[in-house]
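Below is one structure; the comments refer to it alone.
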Amino acid sequence: MKDRNKTLGEFIIEKQEEFKYSSGELSRIINSIRLAAKVVSHKVNKAGLVDIVGAAGEQNIQGEDQQKLDVYANEVFIQTLINREIVCGIASEENDDFITVQGKDASHNNKYVVLMDPLDGSSNIDVNVSVGTIFSVYRRITPMGTPVTLEDFLQPGVNQVAAGYVIYGTSTMLVYTTGHGVNGFTLNPAIGTFYLSHPNMKYAPDGKIYSINEGNYIHFPQGVKDYIKYCQLEEGDRPYTSRYIGSLVSDFHRNMIKGGVYIYPTSSKAPNGKLRLLYECNPMAFIAEQAGGKASDGFDRILEIKPTELHQRVPFFCGSRNMVEKAEEFMTNAT
Ligand code: AHM
Ligand code: MG
């Protein structure tokens, strides 16, 4: 990391100054997420020590209750946002219902809602594989001064004003967009500072990686089966490489840097797919598009789906533009 690299804090201030009439609320939300990400990163890095100091549900040697990391991450992100009184509502994959945040003097006068998956891929923690946090921000629809309603959360992804993810990997990175491209910041854990390490990230239009849980092959729709066979064919730049971590943020991050496609389709076991539209697919789709990539449900653009429920699931095809389009072609031809 070069010393002259901008910090995330500096970057946020600089970006805010570009918007003449901005109230600074969005900057403060990103700042809060930055802070919560550092707290969770520290904890994730110590995950292996849980065996030494006590398992989840037990007390550790300091007499504190051990918590599962996804529950911990959920609390850290929610509390950080609530304590700063900068949002009017939060919805999380971990909670059944959305949370209403009253804000200063119970005025309900904040204008943004945050939706998040606080620790995605958390089944990977026990085996020391990267996990991530996914978040997105929308402007509320209901009038200021009133409590938020479900309507504020059930907005199509095109309405997102910001989205991002934190990847707790070999290093911790925060990658986000406010609709003006995608930038990635790497945490220097020694001093707790994120530095701009990946400015203006771009999805290559083509790639050679396909990421899908092929163990479910037998249950996939015909179009997906045909596309997998296409990826494996010895022709032109194929066969492609298969890479599947089973941790969306990690699979997405690798594919964005190297070029590739991620698919979580419908299957006879999961008729709507597995991933959640609001907490996982919309934010990733927004980031993908901002980086020049593409995201669909196999036929239609993810960001234009009108959500009907908080925990709605959708099939997800996301990545390098030409690869997603090729997969869509197979889907259409098979119907
Ligand atoms: P989670 O929200 O319960 O962690 O599930 C989401 C995860 C994604 O990160 C990952 O891409 C996918 O589930 C893997 O699912 P599978 O094990 O079915 O392939
Ligand atoms: Mg998840």
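Here the simple spin-label model places points 7 Å from the Cα toward Cβ, and for Glu10 and Phe299 these points are separated by 5.0 nm. In units of the rule-of-thumb radius 2.2 N^0.38 Å, the chain shows an alpha carbon radius of gyration of 1.00. Each of Ala190 and His42 was given a label point 7 Å from its Cα along the Cα-to-Cβ line. The distance between the two points is 1.8 nm.
Phi angles across the range 305-319 convert, under the Karplus curve 6.51 cos²θ - 1.76 cosθ + 1.60 with θ = phi - 60°, into 3J(HN,Hα) values of 5, 8, x, 10, 8, 4, 9, 4, 9, 9, x, 9, 10, 8, x Hz, Gly and Pro given as x. Electrostatic tally near Arg139: other residues with Cβ closer than 12 Å to its Cβ, Lys and Arg +1, Asp and Glu -1, net 0.
Each Cα pair under 8 Å and six or more residues apart adds its sequence gap; the mean of these over the residue count of the range 168-215 is a relative contact order of 26 percent.
Count the net charge of all other residues whose Cβ sits under 14 Å from the Cβ of Ile82, scoring Lys and Arg as +1 and Asp and Glu as -1.
+1
Using a cut-off of 17 Å between alpha-carbon atoms, which aspartates and glutamates can reach Lys46, once sequence neighbours fewer than 8 places away in the same chain are excluded? The qualifying aspartates and glutamates are Glu58, Glu64, Asp65, Asp70, Asp126. Spherically averaged projected area of the convex hull of Cα atoms, the range 209-333: 7.2 nm².
Quick check for me: using +1 on Lys/Arg Cβ and -1 on Asp/Glu Cβ, what's the dipole size of the range 3-198 about its Cα centre, in debye to the nearest 20?
With Lys and Arg at +1 and Asp and Glu at -1, about 780 debye.
The Rg/Rh ratio for the range 171-256, using Cα coordinates for both the radius of gyration and the Kirkwood hydrodynamic radius, is 1.09.
Dipole size of the range 277-335 about its Cα centre, with +1 on Lys/Arg Cβ and -1 on Asp/Glu Cβ: approximately 80 debye, rounded to the nearest 20. Once backbone amide H atoms are built at 1.01 Å from N, Ser267 has Asn272, Gly273 as its partners under 5 Å, excluding neighbours fewer than 5 places away on the same chain.
Would you work out if the range 3-198 is rounded, prolate or oblate? Take a ≥ b ≥ c from the square roots of the eigenvalues of the alpha-carbon gyration tensor; rounded if a/c is under 1.5, else prolate when a/b is larger than b/c, oblate otherwise. Please report the intermediate quantities before stating the final value.
On the way: a/c = 1.99, a/b = 1.29, b/c = 1.55.
In terms of gyration-tensor shape, oblate.
In terms of the mean number of neighbouring beta-carbon atoms within 10 Å, the peptides 186-194, 160-168 order highest first as 160-168, 186-194. Remark: for residue pairs Lys6/Lys38; Lys111/Lys274; Lys15/Lys38; Lys38/Lys306; Lys229/Lys269; Lys6/Lys104, the C-alpha separation exceeds 25 Å in Lys111/Lys274; Lys38/Lys306; Lys6/Lys104. Accessible surface of Lys68, taken over heavy atoms with a 1.4 Å probe and every protein chain present, rounds to 120 Å². The largest accessible area among Ser41, Ser22 belongs to the first residue in Ser22, Ser41, and the rest follow in falling order (1.4 Å probe, all chains).
The dipole here belongs to the chain: it is taken about the Cα centre, uses +1 on the Cβ of Lys and Arg and -1 on the Cβ of Asp and Glu, and is about 800 debye. Where only DSSP H runs of four or more residues are counted, the chain gives -9000 deg cm²/dmol as its mean residue ellipticity at 222 nm, each run worth -39500 (n - 2.57).
Label zone of Lys229 (point 7 Å out along Cα→Cβ, amide N under 19 Å): in the range 267-288 this covers 267-268.
Can you classify the range 214-262 as rounded, prolate or oblate using the Cα gyration tensor, where a ≥ b ≥ c are the square roots of its eigenvalues, rounded means a/c under 1.5, and otherwise it's prolate if a/b beats b/c and oblate if not? In terms of gyration-tensor shape, oblate.
The values are calculated or read from the model by the stated rules, or taken from the named source; none is laboratory data. Please read all numbers here as calculations on a predicted model, not as lab measurements. Glycine gets a Cβ as well: all are built from the backbone with ideal geometry, and neighbour counts include every protein chain shown. Accessible surface is based on the protein model in full, side chains and every heavy atom, while ligands, DNA and RNA are left aside. Shrake-Rupley method; radii C 1.70, N 1.55, O 1.52, S 1.80 Å.
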